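These notes are about the structure you will find just below.
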Amino acid sequence: MPRMLDVSDAVRAEIGDEEADRLLTGENAPGSYDCTSCRTPGDSEQERTSTVLFVGDETAVLAFAHATCLPSQVVQVTEEQLRGAVRSINADAGVSGGVPAQGVPQYGEQHRPVPEQAVLGVTSGLVLIAGELHPALVVEPTAPIVRPGTMGPGDDFLTLLLEQGYRPVADLDSVPPVLHGWSVLLAMGQLHAVLQPGAGGGQPTAWWQAHQPLQVSDGWRAAANKHQQVLLFAAPVGSIGRQPRED
């Protein structure tokens, strides 16, 4: 029976037309599954479902998600991250292992920080606004951020975010306005990336990508599922300090 599956061009290019067609006709796709983002049950016979391909250096794993949680896309992860995910596949009905990927891209060196580069520290937590809990991320770099192509001095971190459409927050009495085109990638119950709009309306790209997926609490995921949005707060280096846990 045909499934209500979304297979993006990027996923089709990786798994091949033959495998993509088998998915769409229901030959090689699950009926029910556990969403790789929100971890709740889904049914590809009853609701729009996205195919999400996790690609490592040598292997790839195909997962399924509610279309309202994630669009169909290719997510590049390290081979170590992928092996960790594969270990949980047998207990996860939402993942189909062993799907061959053609022309698998490498997890590039640009994702690996060098000592001269600042790292964006991310802390996840819940924020109480008007009596409701909202999922939030607080981002603080470990060193001053300078404008690309310059050597400083100074810290342009907040200025660069303002140019991207972010706005100063004076209080937490109300939810900040939505910044369209930005999103978070929550997959396999963990935070993988913060995505920014692609150039010219293209595929979103990673503004921040976790070197190791960030574990978030059940309460954080529940709040994200309820509101279908995440609040992102940013501060310059040294203003908050790194947190050893969710707070």
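The values are calculated or read from the model by the stated rules, or taken from the named source; none is laboratory data. Since the structure is predicted, the reported quantities are computational estimates derived from the model, not experimental observations. Positions of Cβ are generated from backbone atoms using ideal geometry, with glycine treated the same way; all protein chains shown enter the neighbour counts. Heavy atoms of the whole protein, side chains included, go into the accessibility calculation; ligands, DNA and RNA do not. Shrake-Rupley method; radii C 1.70, N 1.55, O 1.52, S 1.80 Å.
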Quiz item: For segment 143-163, what are the residues that are assigned to a loop (DSSP other than H, G, I, E, B) and either open to solvent by less than 70 Å² (accessible area, probe 1.4 Å) or modelled with pLDDT of 90 or more (or both)?
Solution: A143, I145, V146, T150, G152, G154, D155, D156
Quiz item: For R167, are the conditions met, namely being basic (K, R), in contact (Cβ under 8 Å) with a residue 12 or more places away in the chain and closer than 19 Å to H134 by Cβ?
Solution: no
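Which residues, counting only those in segment 164-197, are acidic (D, E) and open to solvent by 80 Å² or more (accessible area, probe 1.4 Å)?
Scanning segment 164-197 gives a single hit, D173.
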Quiz item: Which condition breaks for G198 when tested against (1) closer than 18 Å to P71 by Cβ; (2) touching a residue at least 24 places away in the same chain (Cβ under 8 Å)?
Solution: (2)
Self-check item: Subset of segment 3-31 (residues that are assigned to a loop (DSSP other than H, G, I, E, B) and either in contact (Cβ under 8 Å) with a residue 24 or more places away in the chain or buried (at least 19 other Cβ atoms within 10 Å of the Cβ) (or both))
Solution: R3, M4, V7, S8, G16, G26, N28, A29, P30, G31
Practice problem: Kindly indicate whether any position in segment 32-52 is in a strand (DSSP E or B) and of a type in the set (A, V, I, L, M, F, W, C). | Solution: yes
Quiz item: Can you tell which of P71, P41 is at pLDDT 75 or above, open to solvent by 60 Å² or more (accessible area, probe 1.4 Å) and under 19 Å from the mean Cα position of the chain (by Cα)?
Solution: P71
